[in-house]
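I have placed the structure first, in the form of structure tokens, so that the comments after it can refer back to it.
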Amino acid sequence: MDALIDVNYDSEDKCIYLYLINKVLKERDFKPYFYVDATTKEINDFLSNDDNKNLLNYVENLESVRKIIINSNLNDSKNRIIERNFTKITVRYPKDVPKLRVLKELGEIYEHDIPFTKRYLIDSDIIPTTYYNNFEDKNRRTIINNNLPELKTISFDMEVYCEGREPNPEKNPILMTSFCSKDLKKVITYKPFKHKYMELVKDESELIKRTIDILKDYDIIYTYNGDNFDFPYLKRRAENLGINVFFDKTGNDDKKTEIGKKTKTQKHKQKIKISRGGIHLRSYIPGKVHIDLYPIARRTLNLTTYKLEDVSYELFGVHKLEVGHQNISNLWNNMDKNLVEYSFQDAYYTYKIGEYFLPLEVMFSRIVNQTLFEVSRMGSSQMVEYLLLKHSFKNNFLAPNRPSNREYQKRLREYYEGGYVKEPIKGMHENIVSMDFRALYPSIIISYNISPDTIDCKCCEDMSEKILGHWFCKKRIGLIPMVLRNLIERRKTIKKILKEKDTEKKELNSKNNKYYNEYYKLLNYEQKSLKILANSHYGYMAYPRARWYSKECAEVITHLGRTYIQKTIEEAEKYGFKVIYADTDGLYAVLNENSDKKTLLNKTYEFLNKINEKLPKDMELEFEGYYKRGIFITKKRYALIDENDKITIKGLEFVRRDWSNIAKKTQKAVLEILLKEGNVEKAKNIIKNIITDLKNGKIDKKDLIIYTQLTKDINEYKTTAPHVEVAKKILKKGGRLNIGDVIGYIITSGNKSISERAVLPEDAKDYDTSYYIDNQILPPVLRIMESLGISKDELRNVDKQITLEGFLME
DNA sequence: AAATCCGCCCTATTT
DNA sequence: GTAAATAGGGCGGATTTA
């Protein structure tokens, strides 16, 4: 029983290492290759040329093969897909491929930039993190089951001495490391702190050695920002102290075999490799799965800030002990045992977050067919791309190339129309129903067979009606619709199983055994990952760096989307609904004549049945929800309350990070009163009280902080903005900043510009009361009041804040 | 000279 | 490093007002 957890090309051994749980296999048969649009003769001639003689050494084999290529020139009168011969060039080593790219002088080269280990997973039939029988024998290899493999997981965190703002690995030592796993809780350090999880070692060198010793026996290592901090720091410290860092599992070296036969033992393969991935680093250890939870949290959750503490609170609702980086040195010097507790809590919550995200990542890894390490660092578009590469390979297609920089720049400038948004009927509404299309874009893609390899195919030109001047093949299913259909069908099956299990559970009304729970949970994760991937295909086709980019396809999809929602609005109105608001794939409506909830719901279901009969079979308009009340302010900004008094807020300041907490709290309180009771006077009172508190300095500093993200390098900003000015101050103090960092600041008093008065919360001596009243508290609540028909004049006679306050304070 | 308007840049949301 | 549609703050130059 074996399961693959990592794949690495060993450049010393010149072959692929397949890391299974507790076993390493070598794959020597698989060689790097790519394709050239030229004949073997042309290539042979080119390579026998004296200038290119050295290139010939790299080539292991030339072979003419039939492949299907997508003709991306839509104006071309040839077919959309063409099957013809290309030359497949197999080389000795991965690094030979870049050298042979000069062959593009002879004709376009294809699939020359797919990393070798990823290529291996595309071409092989191995699904990562899945149990197989007879793994070592390619012909007898069979999947046992879909259970989650028993992976040994551990979290790891490090504390470092820090004098200034940033620790310096040349000077500042590692103070302690902490770990958490199912059966291990430990903090290692070289000062005798008192704590139940403490392990004392002699010095930093021993600390590092002991740390490696612990980690090497685990399969998965969770960190929080380990990519950019813990591992690079650990590596550098170890180098400076002259320590060799190898993560080879105890006993692994004895079990290394060729596929089939035994070979000499080999050690010292698994060391930390730091590589650049865009602006960030990646810390990889061959054979281990390092999962950095920080980027996953950033991608998956929507929070103001993404400190470990914020994420723990979001996921588990617990506040963990927090220590500022600068305070670590103090705690260390004073032998404060809180440092140990803090360090352990970091490891503990990192572990919990890791276990929380792992199943979903495992599912992505299986579906996309790439390693956990890679998949946990991919965005949804990259996952779609690898999924498509897999299916492209299976169907004998040549994958389109990634765009050149020029092509990318060109694509960036291509705009097209998106979803339809109806101007809302502003103000308060009651008895509201909402309906939306289930997976609108994916279902359109499938229904119309929209794909770069089916658009405007010559074979179907005459028999097709044109959509924005385009049509799609009727004879052959396109690559993207095919992949999408697979995902959606599998998801449907899972949903059905889950539903059956659910009713079964209810009928039995009994406690479930463990197997049932695990099975159920896992299917639920699979279902979630399938949904995410399905929903990413439209965005993928419109993504300028995509191989299967097609602006035309994306344009047709949104066009059809607009048509369907507009048609639905029209039908709803004919049916006796008043549509209050609609955005892209869904709408909110009330009945024209006054009615109770029951009448409304009955009518809604009648309407849905009627509409769904007319829709293509893969498309469906669904009931989404019923709401007692709702306030609609503008497009993309509204709030609703359901029967359980649950409030949903969309787009308003309350859900945005770039507003102070006090402004958000006030808006929420006002909305709550208006939605629950419709009492305008009470709402005014809330505002009045907050303003009084603000004036009396009763507001907690934390509630005044405004958070804004840096979205580019500080020098690229063309305008002065508060968060940019604060960022400059941070840099001046010796701090480091990255693109994507979130800056928090408070506006202090004075009469200079707002940007000049923005300071870091820790530096704020006071705050500008009138700024917070005029620019933070009032605008968000006034917009709501105004939408209810309470004119600004009613609230403020002249435009001075003093007068408005006067009105509120009466 | 001050107040106001407006376009631009920028961020963050919704779908 | 999925897309477009959208609102709204702050800045700074242009325009209007006194």
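The values are calculated or read from the model by the stated rules, or taken from the named source; none is laboratory data. Worth saying up front: this structure is predicted, and the values here are computed from it rather than measured. Cβ coordinates were reconstructed from backbone atoms using ideal geometry, including for glycine residues, and neighbour counts include every protein chain displayed.
Comparison of A:Val340, A:Val362, A:Val375 shows that the only residue that is buried (at least 21 other Cβ atoms within 10 Å of the Cβ), farther than 16 Å from A:His290 by Cβ and in contact (Cβ under 8 Å) with a residue 12 or more places away in the chain is A:Val340. Among residues of region A:581-614 being β-branched (Val, Ile, Thr) and under 24 Å from A:Ser447 (Cβ atoms), the one that is farthest from DNA strand C (Cβ to nearest atom) is A:Thr604. Just one of (1) out of contact with any helix residue (DSSP H, G or I) (no Cβ under 6 Å at 6 or more places or on another chain); (2) charged (D, E, K, R); (3) within 16 Å of DNA strand C (Cβ to nearest atom) fails for A:Glu725. It is (1). Of A:Tyr349, A:Tyr408, A:Tyr441, A:Tyr386, all but one fail to be hydroxyl-bearing (Ser, Thr, Tyr) and within 15 Å of DNA strand B (Cβ to nearest atom); the exception is A:Tyr441. Residues that are free of Cβ contacts under 8 Å to residues at least 40 places away in the same chain and polar (S, T, N, Q) number at least 2 in the following helices (runs of 4 or more DSSP H) confined to region A:503-589: A:514-535.
The single residue among A:Lys617, A:Lys676 that is away from DNA strand C (no atom under 13 Å from the Cβ), among the basic types (Lys, Arg) and in contact (Cβ under 8 Å) with a residue 60 or more places away in the chain turns out to be A:Lys617.
Can you find even one residue in region A:641-661 that is within 16 Å of DNA strand C (Cβ to nearest atom), modelled with pLDDT under 95 and more than 29 Å from the chain's Cα centre (by Cα)? The answer is no, given that none of the residues of region A:641-661 is within 16 Å of DNA strand C (Cβ to nearest atom), modelled with pLDDT under 95 and more than 29 Å from the chain's Cα centre (by Cα). Would you say A:Glu762 is away from DNA strand B (no atom under 16 Å from the Cβ), part of a helix (DSSP H, G or I) and at pLDDT below 90? It is false that A:Glu762 is away from DNA strand B (no atom under 16 Å from the Cβ), part of a helix (DSSP H, G or I) and at pLDDT below 90. When A:Ser381, A:Ser365, A:Ser392 are screened for being within 16 Å of DNA strand B (Cβ to nearest atom) and in a helix (DSSP H, G or I), only A:Ser381 passes.
Identification of strands (runs of 3 or more DSSP E) wholly contained in region A:607-659 with 1 or more residues that are in contact with a Gly (Cβ under 6 Å, 6 or more places away or on another chain) yields A:637-641. Scan region A:190-209 for residues that are more than 34 Å from the chain's Cα centre (by Cα) and either closer than 23 Å to A:Ile285 by Cβ or not assigned by TED's automatic domain parsing to the domain that holds A:Val245 (or both) and jot them down. Residues satisfying the conditions are A:Glu199, A:Val201, A:Glu204, A:Ser205, A:Glu206, A:Leu207, A:Lys209. Filtered by the rule that a residue be among the polar types (S, T, N, Q), closer than 30 Å to A:Tyr605 by Cα and buried (at least 17 other Cβ atoms within 10 Å of the Cβ), region A:413-465 gives A:Asn431, A:Ser434, A:Ser443, A:Asn449. Taking the conditions exactly as written (over 32 Å from the mean Cα position of the chain (by Cα), of a type in the set (A, V, I, L, M), under 30 Å from A:Asp248 (Cβ atoms) and outside the structural domain of A:Cys460 (by TED's automatic domain parsing)), does A:Val91 satisfy them or not? Here the answer is yes, as A:Val91 does meet what is asked.
Which is closer than 30 Å to A:His429 by Cα and either more than 10 Å from DNA strand B (Cβ to nearest atom) or free of Cβ contacts under 8 Å to residues at least 24 places away in the same chain (or both), of A:Lys701, A:Lys684?
Values: A:Lys701 fails: closer than 30 Å to A:His429 by Cα.
After applying the criteria, what remains is A:Lys684.
Mind checking which residues of region A:75-115 are of a type outside the set (Asp, Glu), assigned to a loop (DSSP other than H, G, I, E, B) and in contact with a strand residue (DSSP E or B) (Cβ under 7 Å, 6 or more places away or on another chain)? Those that are of a type outside the set (Asp, Glu), assigned to a loop (DSSP other than H, G, I, E, B) and in contact with a strand residue (DSSP E or B) (Cβ under 7 Å, 6 or more places away or on another chain): A:Arg80, A:Arg92, A:Pro94, A:Leu106, A:Gly107, A:His112.
Restricting attention to region A:713-740, and to residues there that are within 6 Å of DNA strand B (Cβ to nearest atom) and of a type outside the set (A, V, I, L, M), which single residue is surrounded by the most Cβ atoms within 10 Å (Cβ to Cβ)?
Applying the first criterion (within 6 Å of DNA strand B (Cβ to nearest atom)) to region A:713-740 yields A:717-719, A:721.
With the extra rule that they be of a type outside the set (A, V, I, L, M), the set shrinks to A:717-719.
Values: A:Tyr717: 16, A:Lys718: 5, A:Thr719: 6.
Of everything passing the filter in region A:713-740, A:Tyr717 is surrounded by the most Cβ atoms within 10 Å (Cβ to Cβ).
Any residue at all in region A:108-115 that is closer than 30 Å to A:Glu526 by Cα and without any contact (Cβ under 8 Å) to a residue 40 or more places away in the chain? Within region A:108-115, one or more residues are closer than 30 Å to A:Glu526 by Cα and without any contact (Cβ under 8 Å) to a residue 40 or more places away in the chain. Return the residue satisfying two criteria in turn: it lies in region A:380-398 and is more than 16 Å from DNA strand C (Cβ to nearest atom) and either in contact (Cβ under 8 Å) with a residue 12 or more places away in the chain or of a type outside the set (Lys, Arg) (or both), and of such residues it is surrounded by the most Cβ atoms within 10 Å (Cβ to Cβ). The selected residue is A:Ser392. The set of residues from region A:648-663 being touching a helix residue (DSSP H, G or I) at 6+ places or on another chain (Cβ under 6 Å) and either exposed (fewer than 15 other Cβ atoms within 10 Å of the Cβ) or within 24 Å of A:Asp583 (Cα to Cα) (or both) comprises A:Ile649, A:Glu653, A:Phe654.
Across region A:700-715, not a single residue is classified as part of a loop (DSSP other than H, G, I, E, B) and over 30 Å from A:Ala297 (Cβ atoms).
Taken together, the residues in region A:356-386 that are in contact with a Gly (Cβ under 8 Å, 6 or more places away or on another chain) and among the hydroxyl-bearing types (Ser, Thr, Tyr) amount to 2. Under the condition of being crowded, with 17+ Cβ neighbours inside 10 Å and part of a helix (DSSP H, G or I), the residues counted in region A:274-309 number 7. Looking at region A:317-326, can you tell me whether even one residue there is touching a residue at least 24 places away in the same chain (Cβ under 8 Å), at negative phi and part of a helix (DSSP H, G or I)? No, region A:317-326 contains no residue that is touching a residue at least 24 places away in the same chain (Cβ under 8 Å), at negative phi and part of a helix (DSSP H, G or I). In region A:518-537 there is no residue matching the filter, namely being assigned by TED's automatic domain parsing to the domain that holds A:Ile425, buried (at least 21 other Cβ atoms within 10 Å of the Cβ) and of a type in the set (Gly, Ala, Ser).
Residue under question is A:Ser404, and the condition is that it be crowded, with 20+ Cβ neighbours inside 10 Å, among the hydroxyl-bearing types (Ser, Thr, Tyr) and more than 17 Å from A:Gly539 (Cα to Cα); does it hold? It is false that A:Ser404 is crowded, with 20+ Cβ neighbours inside 10 Å, among the hydroxyl-bearing types (Ser, Thr, Tyr) and more than 17 Å from A:Gly539 (Cα to Cα). A:Ser451 meets all of the listed conditions (1) at pLDDT 95 or above; (2) assigned to a helix (DSSP H, G or I) but one, namely (2). From the list A:Ile477, A:Ile467, A:Ile569, the one residue that fits, being over 21 Å from the mean Cα position of the chain (by Cα), within 16 Å of DNA strand C (Cβ to nearest atom) and more than 23 Å from A:Thr129 (Cα to Cα), is A:Ile569.
Can you pull out the residues in region A:138-172 that are aromatic (Phe, Trp, Tyr) and buried (at least 18 other Cβ atoms within 10 Å of the Cβ)?
Answer for region A:138-172, where residues must be aromatic (Phe, Trp, Tyr) and buried (at least 18 other Cβ atoms within 10 Å of the Cβ): just A:Phe156.
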